[in-house]
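Please treat every number below as a calculation from the coordinates, not as lab data. For clarity, every value in this text was computed on a predicted model and none was experimentally measured. Every residue, glycine among them, receives a Cβ derived from its backbone with ideal geometry; neighbour counts consider all protein chains shown.
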């Protein structure tokens with residue numbers, strides 16, 4: 001299977017798109033071995049079934065070229081917009097929707113927001129498509145209260161692409177590189193404000209700000225590996241720290257765990273997680289809106305314990321405070337899912353020095369073909 005992109009050298013979004021996939025996997029294998037083999041033998045990287053069209057979340061920056069609205073990506077490390085008409089890594093449904101939005105925006109006179117001038121309407125377009133259902137959600141990130149002809153725009157998008165189940169707007173006037181503000185106020189223009197997808201036999205609700213893996217195809221394989229590592233039993237109490245919209249917690253609850261608790265600091269994500277648990281009829285999982293480190297620390301002080309701990313932190317990794325509290329709660333097994341080998345290496349050094357755990361399994365998963373990113377699942381077993 002071959003990939004190619006003429007823009008890769010200009011935008012910097014994908015390092016390996018123009019080289020054979022076997023060479024990419026070898027480079028990633030070497031990188032994982034270099035950083036992690038000191039802790040435990042590293043299993044061969046699990047290759048992706050799809051190396052194109054796997055990204056089900058697409059974010060595009062809006063700009064102006066020759067007087068017309070264009071969409072694209074900022075060149076890495078800069079604020080220079082590189083117009084992109086199609087990307088080989090993105091779900092082709094999202095590409096078709098973006099093409100329609102560009103055409104309609106120019107027809108209706110919708111202007112792209114200019115950060116330097118502080119003028120214009122449309123700032124970003126975020127599109128989420130379901131991997132296992134013909135559904136899409138369009139999020140128009142604006143700098144104004146409402147777009148010109150927004151109702152006509154939304155109706156025309158749906159008419160052209162009937163699988164678009166919702167078109168929503170989010171206003172963002174902040175001077176930031178973040179596409180969505182921290183607590184986005186979602187305004188529905190057409191349809192509903194979410195889509196649903198299937199993962200590991202369960203249904204999940206995906207809202208504009210939901211954390212949901214951009215490659216759901218490989219996420220399913222990653223989570224199955226995590227469940228196998230966890231060796232869940234009917235009497236296990238499980239904690240899913242950094243639980244987001246509850247994907248891992250709900251899957252664990254459906255895989256035989258006795259009681260599952262998800263910890264998440266974002267209240268909107270907790271709402272989605274509770275909806276997901278209810279939608280799947282899971283009565284053995286609950287969610288707590290709290291900072292994971294603070295919750296673990298307080299729970300350890302109360303003498304609470306758990307049998308299995310899942311943690312899937314952001315790229316910055318887990319804090320020493322969190323790891324120390326996790327050690328005091330004494331889970332028999334910890335499954336650490338990391339998207340950043342650098343922070344994972346740092347945290348495993350802490351585990352080896354200060355926690356009574358053996359690092360017994362490291363499984364890299366190629367979640368992001370053509371990019372340098374690697375997802376890694378690690379199993380820690382209490383001595």
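Quick look at the numbers
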{"read-out": "Contact order normalised by residue count of the chain, Cα under 8 Å, 6+ apart, percent", "value": "15 percent"}
{"read-out": "Pairwise Cα inverse-distance average, inverted: Kirkwood Rh of region 111-175 (Å)", "value": "12.6 Å"}
{"read-out": "Efficiency of FRET between residue 160 and residue 18 - r from beta-carbon atoms, R0 35 angstrom, step 0.05", "value": "0.65"}
{"read-out": "Average projection area in nm² (convex hull over Cα atoms of region 152-219, one quarter of hull surface)", "value": "6.0 nm²"}
{"read-out": "Global size of region 198-350 as Cα Rg and Dmax, reported in angstrom", "value": "14.3, 40"}
{"read-out": "Length-normalised contact order for region 18-94 - Cα pairs under 8 Å, 6+ apart - percent", "value": "25 percent"}
{"read-out": "Whole-number percent relative contact order across region 96-141, with pairs defined as alpha carbons under 8 Å at least 6 apart", "value": "25 percent"}
{"read-out": "Stretch gain in nm, segment residue 115-residue 133, where the contour uses 0.36 nm per residue and the Cα spacing is subtracted", "value": "2.9 nm"}
{"read-out": "Coordinate range along principal axes, alpha carbons of region 1-133, Å, largest first", "value": "57, 35, 25"}
{"read-out": "Rounded if a/c under 1.5, otherwise prolate or oblate - region 52-111, Cα gyration tensor axes", "value": "oblate"}
{"read-out": "For a label point 7 Å along the Cα-to-beta-carbon line of residue 96, residues of region 141-167 with backbone N under 11 Å", "value": "160-164"}
{"read-out": "Helix axis angle, 92-108 relative to the chain longest principal axis, alpha carbon, degrees", "value": "30 degrees"}
{"read-out": "Taking only Cα atoms of region 57-199, radius of gyration then Dmax in Å", "value": "14.2, 43"}
{"read-out": "Alpha carbon Rg of region 268-311, scaled by the compact-globule rule 2.2 N^0.38 Å", "value": "1.33"}
{"read-out": "Estimated 222 nm signal from helices in the chain, with DSSP H stretches of n ≥ 4 weighted -39500 (n - 2.57), rounded to 500", "value": "-9500 deg cm²/dmol"}
